[in-house]
Amino acid sequence: MSKDKMIEKMRKINASYKNNMDSRKNALKILMGGIPIGNKVFVIVPVEDLHIDKAYQRPVQSHVKTLAQEWDDMKCDPLKINYRSDGNLYVWDGQHRLVALKMMCVDYVLCVITVGLSQADEAALFGCQGDSLKKPDPYDIFKAHVCAGEAIDTAIKELCDKWGLIVNRNNKRAGNLSCLTLAREIFRRGHGDHLDWVLELLHKANWNEFTKSHCHRIINALYEIKKMDDSQNEFVQRKLITYLEKTNPDDLLVNATIQYPQFKDDSKK
């Protein structure tokens, strides 16, 4: 989009709202002072005017301190920002650079601006790019995908909401589904109902109260059982619930290792 079209679009957005007028006026001034190069418009923006949407952005990582200490303007790409209908400028690529700039007490930063993208549009863009020195991991991308409405990750989120779970890489906290890659693969195979069956089973066995209960080895083992015989759902699930109610993830693995030492893979045990 050309600079003139961006200005026109921003003015139309602003004409539809009467709130946050100071921020809207400042954003328009920033855009009008921008420099178009190719299909991009470069602007200088006060650091204090930039916002971060935590709905899809990752938590700030520890490497941001190193980034500030070793800052090199020649290696720093412009931040990518978007002007939303709420009248604010949001950083969708460069959160860690923004935090580093604030640590360094820098007042202004060079940005590439877009106008009128939705939160979902920003999240989709964030999910397919890297940020500074650290690329998004599967769990960062998961948040962005859910925000953008991507089918598989949204379906996983809905299942987790249904059974009181949170998608999180930390398997040392109860209630965390820490096998996101496996969950995605199960859905790609068209077995979303299998995962629902597994999560229901663990919920009924009160395993949501245990750490490591929704890690790869447990989910995959139960998923494989579900795949073997789909004709006796209730019977198989009831038998498993009865057994799981009397044990926990750690004891289950110990007993499995004792009984089946020939298997190296925990899920197979």
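Nothing in this text is a laboratory measurement; each read-out follows from the coordinates by a stated rule. None of the values given here were measured: they were computed from a predicted structure. Cβ coordinates were reconstructed from backbone atoms using ideal geometry, including for glycine residues, and neighbour counts include every protein chain displayed.
Using Cα positions and a limit of under 21 Å, work out the lysines in reach of K9, with same-chain residues fewer than 8 apart set aside.
In chain and number order, the partners are K18, K25, K29, K40, K80.
Taking the inverse of the average 1/r across all pairs of different Cα atoms in region 3-122, what Kirkwood radius in Å do you get? Let's see the in-between values first.
Details: mean 1/r = 0.0672 Å⁻¹.
The Cα-based Kirkwood calculation yields 14.9 Å.
Amide H to amide H under 5 Å from V167: which residues, 5+ apart in sequence or cross-chain, H placed 1.01 Å off N in plane?
Answer set, sorted by chain and number: L177.
In square nanometres, what is one fourth of the surface area of the convex hull spanned by the alpha carbons of region 70-156? Don't jump to the answer; show the numbers that get you there.
Details: hull surface 25.5 nm².
Projected over every direction and averaged, the Cα hull of region 70-156 covers 6.4 nm².
Take the eigenvalues of the Cα gyration tensor for region 1-50, scale each by 5, and report the square roots as semi-axes in whole Å, largest first. List each step's numbers first, then the result.
Details: eigenvalues 74, 44, 8 Å².
Listed largest to smallest, the semi-axes of region 1-50 are 19, 15, 6 Å.
Report, as a whole number in µm² per second, the diffusion coefficient that Stokes-Einstein gives for region 69-225 at 4 °C and 1.567 mPa s using the Kirkwood radius over alpha carbon pairs.
On the way: Rh = 17.7 Å.
Reported coefficient: 73 µm²/s.
Any idea what the alpha-carbon Rg over 2.2 N^0.38 Å comes to for region 150-259? Please report the intermediate quantities before stating the final value.
Working: Rg = 13.2 Å, N = 110, 2.2 N^0.38 = 13.1 Å.
Region 150-259 yields a ratio of 1.00.
Which values, in whole Å and largest first, are the semi-axes of the equivalent ellipsoid of region 196-269 obtained as the square root of 5 times each eigenvalue of the Cα gyration tensor? Provide the component values of the computation, followed by the final result.
Values: eigenvalues 70, 46, 24 Å².
Taking √(5λ) for each eigenvalue gives 19, 15, 11 Å, largest first.
Take the Cα pairs of the chain, get the Kirkwood Rh, then feed it into Stokes-Einstein at 25 °C and 0.890 mPa s and tell me D in µm²/s.
Details: Rh = 21.5 Å.
In µm²/s, the coefficient is 114.
For a quick check: sort K54, K246 by the number of other beta carbons within 10 angstrom, fewest at the front. Provide the component values of the computation, followed by the final result.
Working: K54 11, K246 8.
Listed from fewest to most nearby Cβ atoms, that is K246, K54.
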